[in-house]
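For reference, the structure discussed in these notes is given below.
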Amino acid sequence: MRTVTYLQAINEALDEALGLDEHVFLLGEDIGVYGGGFGATSGLQEKYGKQRVRDTPISESAIAGAAVGAAMTGMRPIMELQFSDFITVAMDQLVNQAAKIHYMYGGKATVPLVMRTAAGSGTGAAAQHSQSLENWMAHIPGLKVIQPTTPYDAKGLLHAAIKDNNPVMFYEHKLLYQTEGVVPVEPYTIPIGVADVKRLGTDVTIIATGIMVSKSLAAAEIVKVKGISVEVIDPRTLVPLDKETLLTSVEKTNRVIIATEAVKNSGFSSELVSIIAESKISMKLKAPIVRLGGEFVPMPAQKALEAQATPQIASLVQAVEQLMKEADI
Amino acid sequence: MKQVTAKKDPNTSIDEREALKKMWQIRIFEETLQELFDVGELYGTMHLCIGQEATAVGGASPLNESDWIVSTHRNHGHCIAKGTDIRSMFAEMLGKKTGTNEGKGGSMHIADLAVGNLGSNGIVGAGFPIAAGAALSAQMQGTKQVVLCYAGDGATNEGSFHEALNLASIWQLPVIYFIENNQYGMSSSIEQMVNIEKLSERGKSYGIEGVTIDGNDLSVVSNTVSKAVKKARNGGGPTLIEALTYRHKGHSKSDKLKYRSEDECRQWQEHNDPILRLEKKLLQHNEITSKEIRQLEQSTRQEMADLVASVKLDDEPTKADLWTHVYAEEKI
């Protein structure tokens, strides 16, 4: 099996989807010759032309609205928002239109669109280009929300998103673009709504999303030396959420850490805590649930401050060790 | 019935008798809703378009069934004009499972894709980019469909208007932006909210032909739209039409009409009512008799009353319907 980057995996899925289905087209700012903000659409305009890989004006509301209108009338648009922070400018079309049309119309229209966007911190891009706002979309009935964390997941889930008949919000993490992994050459799909056990363990479950998955895996390696066995669960899709896989793991370890890059306040991590707390498994926990998340501050530009604003490998290691100690008492 | 010698207006592109019937259907549909509301039989809100029937019918009539309209919160006229089944619209208003949207949309979201009604919108200005998207879809698939996007005067101050017009122009999309300037955005007079004479001037900024017309003259409206449809269908790109009209009723059910004078309203109602104007014209051209007009109104009233009586017997959605259609399984 060959190895490719997360960015290449996304590019490959887009390429294949354009080749497989004439109704698929891409639209977004600078996605043509420039190849998109991070290069995910590189080479696709040369291959498929300006009609199907469509550069747009800097008009996020029109990009999203045009995607909605095209999706309702037979096309399968994939729109790119260069940074997930720009969703704010396209919010009405995604939240009030795309998410609601199928329901509001009594099932008589569908909006099969994909919104791809780059999220997260770690590039020094500061407060308006570094947020993790996926929880906003996870709050809206009618949208599906995907956060792939490996090249394999990125390609398979993107294919699934494009084939899905609903609006799908697809969050790519900037720091993952250059990470590598084994990815099949041929097109394949990963079902939306199935979590992945990224590492098997017996002592502590870490439920991590986005960039926190790789950080948790690194932390798990470190504590392994101390004899602590960590299981890492990656929900992969926030909506629909595979509660069963999460709860099965927590039931096994009885100790759980939840790690997100997004701020904790009213965040998706709160949702994960609630799911565990509301289940009978909570009565068997050996220690209270631990939650690691972004500090409740706008993302600072300066490198050290930026790192301080989100959980790092060291804080995950510390949390695991602390949890094991508490559970011993 | 006595056949009247028709002296048809040679300058009109529309069957005016047929249009008059539609205009009466729209008006009496809404008057019926008003009556139902007054006796507490209608739940929710609605926005009446009484006084704007010529823009509704003149806008939609030049379109083919497969062409799309995108509508607004003040949508009943647009929907009826595009051919949405009136019984299903009553059913939607009365919260029946048989409604256009199975009772889940209510007044503001009536849609009927089967007749080219892409749906109505509760967010002012949201339809502009959606219409551009539908037009893009038609262009890319080579279907030759045209999209007519209705919007109010107030909506032209939304960012989505400017983004969508620019997009439609650079891609030469087959879309017509049709602004019903009824003088007020809720309580705000458009004169206070823009610093230009005509909203159609805004087309120039985006390289789009803009025209302002008398929106209460059915023939003028339909002729202007016909021209724009032909242009769009032949690859000539978008047009911005501003049709001047007036809403006789308030913005919605809570409106006390404190912001405009009774005299102003009376002037429009008595001297510039689109239905009265069309009737007058048809009478002058001997295309209709006064008796026929009375019969048309009466039969339409009866038709609407019968529909309501029948719809009242329909089933309401069940409890299980709450959870259906949140996500789609199949593509439509």
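Rule-based calculations on the coordinates, nothing more; no lab input. Since the model is a prediction, treat every value here as computed from it, not as a measurement. In this analysis, Cβ positions are derived from the backbone assuming ideal geometry, glycine residues included, and neighbour counts consider all displayed protein chains.
Summary of computed values
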quantity: Helical contribution to [θ] at 222 nm, DSSP H n ≥ 4, -39,500 (n - 2.57), averaged over chain B, rounded to 500; calculated: -13000 deg cm²/dmol
quantity: Mean separation of Cα contacts under 8 Å, 6 or more apart, over the residue count of chain B: relative contact order %; calculated: 24 percent
quantity: Sum of -39500 (n - 2.57) over DSSP H runs of 4+, divided by residues of chain A (222 nm, nearest 500); calculated: -10500 deg cm²/dmol
quantity: Rounded to whole Hz, the Karplus (6.51, -1.76, 1.60) HN-Hα couplings of the stretch A:176-192, x for glycine and proline; calculated: 8, 3, 9, 6, 10, x, 6, 9, x, 5, 7, x, 8, 10, 10, x, 6
quantity: Fraction of beta bridges assigned by DSSP in chain A that are antiparallel (%, nearest 5); calculated: 20 percent
quantity: Overall form of the stretch B:46-247 per C-alpha gyration tensor (a/c, 1.5; a/b vs b/c); calculated: oblate
quantity: Principal axes of the protein assembly as shown: Cα extent on each, largest first, Å; calculated: 100, 54, 44
quantity: Euclidean distance between Cα centres, the stretch A:193-239 to the stretch B:7-45, Å; calculated: 63 Å
quantity: Alpha carbon convex hull of the stretch A:230-271, volume per residue in cubic angstrom; calculated: 80 Å³
quantity: The stretch A:211-315, Cα convex hull volume normalised per residue, Å³; calculated: 111 Å³
quantity: Hydrodynamic radius by Kirkwood, which averages 1/r over all alpha carbon pairs of the stretch A:82-227, in angstrom; calculated: 16.8 Å
quantity: Lys/Arg +1, Asp/Glu -1 at C-beta; the stretch A:3-182 dipole; positive extreme among A:TYR103, A:GLN82, A:PRO151; calculated: A:TYR103
quantity: Two-decimal ratio, the stretch A:1-90, of alpha-carbon radius of gyration to 2.2 N^0.38 Å; calculated: 1.06
quantity: C-alpha long axis of helix A:243-253 to longest principal axis of chain A, angle in °; calculated: 20 degrees
quantity: Range of Cα positions in the stretch A:105-146 per principal axis (Å), largest first; calculated: 45, 17, 16
quantity: For the protein assembly as shown, share of DSSP beta bridges that run antiparallel, in % to the nearest 5; calculated: 15 percent
quantity: Rounded, prolate or oblate (a/c below 1.5 giving rounded, otherwise prolate when a/b exceeds b/c) for the stretch A:115-185 by Cα gyration tensor; calculated: oblate
quantity: Set of lysines near A:LYS252 by C-alpha distance (under 19 Å), chain-local residues within fewer than 8 positions excluded; calculated: A:LYS198, A:LYS224, A:LYS243, A:LYS280, A:LYS284, A:LYS286, A:LYS325
quantity: Loop-located chymotrypsin sites (Phe, Trp or Tyr not before Pro) in the stretch B:10-81 whose Cβ has at most 15 other Cβ within 10 Å (DSSP); calculated: B:TYR43
quantity: Dipole magnitude of the stretch A:3-182 about its Cα centre (Cβ charges: Lys, Arg +1; Asp, Glu -1), debye to nearest 20; calculated: 420 debye
quantity: Shape call, chain A: gyration tensor on alpha carbons, a/c limit 1.5; calculated: prolate
quantity: Relative contact order [Cα under 8 Å, 6+ residues apart], the stretch A:3-182, whole percent; calculated: 27 percent
quantity: Antiparallel bridge percentage (DSSP; both residues within the stretch A:196-328; nearest 5); calculated: 20 percent
quantity: Nearest 10 degrees, 0 to 90: helix A:60-72 Cα axis against chain A principal axis; calculated: 80 degrees
quantity: Loop-exposed trypsin sites (Lys or Arg not before Pro) per DSSP, neighbour cap 15 Cβ within 10 angstrom, longest uninterrupted part of chain A; calculated: A:3-225
